[in-house]
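Below: the structure, in structure tokens.
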């Protein structure tokens, strides 16, 4: 063993513990904390963020990373040791230009903004949230100013979630996506009344929803030895260890889809984190390669598994048993068509697979306008509503169903949204590979069997954690760049069956 | 303002944030964490403990504390500033002889032992827990060896919970207590059949218990803006801020007393933490003066309030409404006598006020024997059972109802138990003062009114947090030393009414 490597590893583990402690505090804030605990929590989170930042950007880490160059070169590229050094160096380079105090201030501001967002959303009043968002954007600019200008300020934020991805690249992908989606949605809209989704609305007690959700995700890989499912305002997933995975959901008692598909989505994130090779535990190689890769898993389990016909052959009788009054006289085909109805709507998280992309493109464009100073924050609700009308044809009735629906901006997560659509696209690319490797996949779904799929994903993706860059993974697993083809093919195939388009 | 003081305060706030983050992680471990998260959690807790220890015992803190001596002398003794310097100096002196690595190792070992204890208790098998306890005791000795010998190794541990208290002093107090309790219990035992407590056993759904518990503690001061109540294996209270108080309880569905009196007990702890002067927020002056003072509040709210006759005049109809089948035909007097039945029993937490002290004396004696090397750990269950027979006359059926019943040893909390009985005694001393100051206290209880009591306790005790030493508080509030007189008078008065002793 190399003593310098051991020292680096030990220092990184200490830093990792601090970041995981911060994650526990954030999870608690989102699921458990009484509201008046917010102020102290913001300070605690800021302290943890500052300390881990200080420790990561310390001269000792720089010295070790430098001193380990020849050791790293002597190792296999994909060995655990070389990967740890490589990923730590990249993280160091991204973090070292930023003062620890700024990291602390961004963390503190976000934790306070999150509480304000919950209240503003409850009251459906963007003005309550505005001063917090203003502060977040001021800090974002201070953050961007830490780096060499790239010609596009948005590149720096995007890179935080999707390493090396450029705004122009996302634009190209989204243009290709839009070019396919707009005519597809138009064609479907002209046949809108072919699908009736009224069966999804009714009365669904939260405890019954929870039981069914647990039944589903347990088949995916959730187990109470290593996972929890808790209610929250805005669903998310986090993990504190490979075997401590926390997924969350929100139950609407008048609408069945949100919690069920939301749980599958979050479970997809959880499976990715839970699938890291155990030897990576407590190192920064745990987790996912990037947000787009992470969302590829959430969206894959939510849509390619959860909205699949074979899936419901197994689960529909269970749904009927859980809500007999609602579903006893509803045919499975009716339900299957309902959950796949394409319908321009207000809420991103509840959108169908086709219109979902337009919700993302809207946010992607607004974020750029905000950061380029082309849109004043006080005008954001109006801009939001105008784009919703233009892209989806819907009228936004209030801020809660518009600009305040997502929690991301309260956490300062600008640059995150595009990764959802990139995830949809990557997920579909993966799916074509999977169907080749597992020809009887849908037959397995009909029997409630998902472990072969999970093992495929573990073996090809999850186990590597953060070892490889997003591009390296694309090359290794997909054999090429991001391509909207499979995603569009998948949608066209499904909607052709349902709408005859 | 003094810049050195500001620097000290800022450094202490950072350390305080780390300790509170650790408290969140411990709370999560006890209430939420899936079992396989334990190993990583132990590392996270160890890292937080080591960092806060390193930061507290750093040369900078030493230099600041030293440089602030004349500033401190220029301030009023009970000013916030002087108190912060004084208490920080004391904490520094207690912490600086101990290596940070040892603190980390004790923390890691305890977090792992806690998981082993849960499992050992479930299986009622002390042998499963033994290796963990052995490691804890080895570390305790390493800890004790950090300090100048005092003639009694137990003194050092006791001092961690009850500053400046000596083992000999506790022995004297406990001798006085035993001298009164033994004949009192004997006299009552000869009239044991005068009280029938069968009404406390039956079927009590946990959700109904929870509702009633919340109803009670809400009257005490619990509110959902700043508090939570969660189920756990072994009840405890913790706080992450003055307005983020977490109490916990355990519901037995066949026995009503444990959760109800347990909740009042934990609420007493919570009220103390919640009552710190808000200007003390995020400083180490938040919280309680010592464990005996803390237990004085848990035991006061549990027993002097919760087992009081006037209290049940208000709450008994609510209990009847919650459990009509069980209580509709039970007179309130029967219930009141039942909850005050003196009966030697196996479980400390469920013991009546008279026999409770014997449970504590047993643990106090065993802890000393263990730490003085007079009792081998593998012989502990036998020693436990023998003392239970000798002091309480009961036969211990298994480890779960004997040596494994409490979580304290798993957390390495040796020296903690005596503070429960000291708390009972101090609580009774306080109570005599309170009854003088609030003559119509019991009339208030009959109307479900507890805010005058809470305000008295806030004004005389809670608001000071850790500003004063346990002795200073005794002098200020009680006007003298610990005295078993009021506690014994209170028991004799109550049992005279119930048993005619």
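All of the numbers you see were taken from the coordinates with simple rules; none came from a lab. For clarity, every value in this text was computed on a predicted model and none was experimentally measured. Backbone-built Cβ (ideal geometry, glycine too); neighbour counts: all protein chains shown.
Quick notes on this structure:
- Taking other C-beta atoms within 10 angstrom as a stand-in for reagent exposure, A:7, A:497, A:30 fall in the order A:497, A:7, A:30, fewest first.
- The ranking of B:377, B:435 by Cβ neighbour count inside 10 Å, starting from the fewest, reads B:435, B:377.
- Calculated FRET value between residue A:94 and residue B:318, using beta carbons and R₀ = 56 Å, to 0.05: 0.45
- Arranged from fewest to most other beta-carbon atoms within 10 Å of their beta carbon, A:296, A:345 become A:345, A:296.
- Shape of the stretch A:408-501, Cα gyration tensor, a/c cut at 1.5: oblate
- Sorted from longest to shortest, the spans of the Cα atoms of the stretch B:3-146 along the three principal axes equal 59, 33, 24 Å.
- Extending 7 Å from Cα along the Cβ direction at residue B:310 and again at residue B:146 yields two label points whose distance is 4.7 nm.
- FRET efficiency, 1/(1 + (r/R0)^6) with R0 30 Å, evaluated for residue A:455 and residue A:79 via beta carbons: 0.85
- Computed FRET value (nearest 0.05) for residue B:179 with residue B:225, which takes r as the C-beta separation and R₀ as 41 Å: 0.30
- Of all DSSP beta bridges in the protein assembly as shown, antiparallel share, percent nearest 5: 50 percent
- When the P(r) of the stretch B:167-499 is calculated, the portion above 26 Å amounts to 48% of the C-alpha pairs.
- The modelled label-to-label distance between residue A:389 and residue B:389, using points 7 Å beyond Cα along the C-beta direction, is 8.7 nm.
- Rounded to the nearest 10 degrees, the angle from helix A:126-144 to the longest Cα principal axis of chain A is 40 degrees.
- Overall form of the stretch B:451-501 per C-alpha gyration tensor (a/c, 1.5; a/b vs b/c): oblate
- Inter-chain neighbour count for A:24-36: the average number of beta-carbon atoms from partner chains within 10 Å of each residue's beta-carbon is 6.
- Relative contact order (%) - criterion: Cα under 8 Å, at least six apart; region: chain B: 20 percent
- Legend: mean number of C-beta atoms from other chains within 10 angstrom of residue C-beta atoms, peptide A:226-236, equals 1.
- Normalising the average separation of contacting C-alpha pairs (under 8 angstrom, six or more residues apart) by the number of residues puts the relative contact order of the stretch B:218-342 at 18 percent.
- Annotation: Cα Rg of the protein assembly as shown relative to the compact-globule expectation 2.2 N^0.38 Å equals 1.02.
- Acute angle (nearest 10 degrees) that the helix B:309-322 long axis makes with the longest principal axis of chain B, alpha-carbon atoms: 80 degrees
- Separation of alpha-carbon centers, the stretch A:80-111 and the stretch A:1-45, rounded to whole Å: 13 Å
- What separates the Cα centres of the stretch B:381-448 and the stretch B:293-343 is a distance of 17 Å.
- P(r) histogram, all alpha-carbon pairs of the stretch A:368-463 included - 10 Å bins from 0, percent: 12, 29, 21, 20, 16, 1
- Degrees, to the nearest 10: B:451-460 long Cα axis against longest axis of chain B: 30 degrees
- Beta bridges assigned by DSSP with both partners in chain B are antiparallel in approximately 50 percent of cases.
- Computed [θ] at 222 nm, deg cm²/dmol, chain B (DSSP H ≥ 4; -39,500 (n - 2.57); rounded to nearest 500): -19500 deg cm²/dmol
- Distance between the pseudo-spin-label points of residue B:119 and residue B:444 (7 Å out from Cα toward the beta carbon): 4.9 nm.
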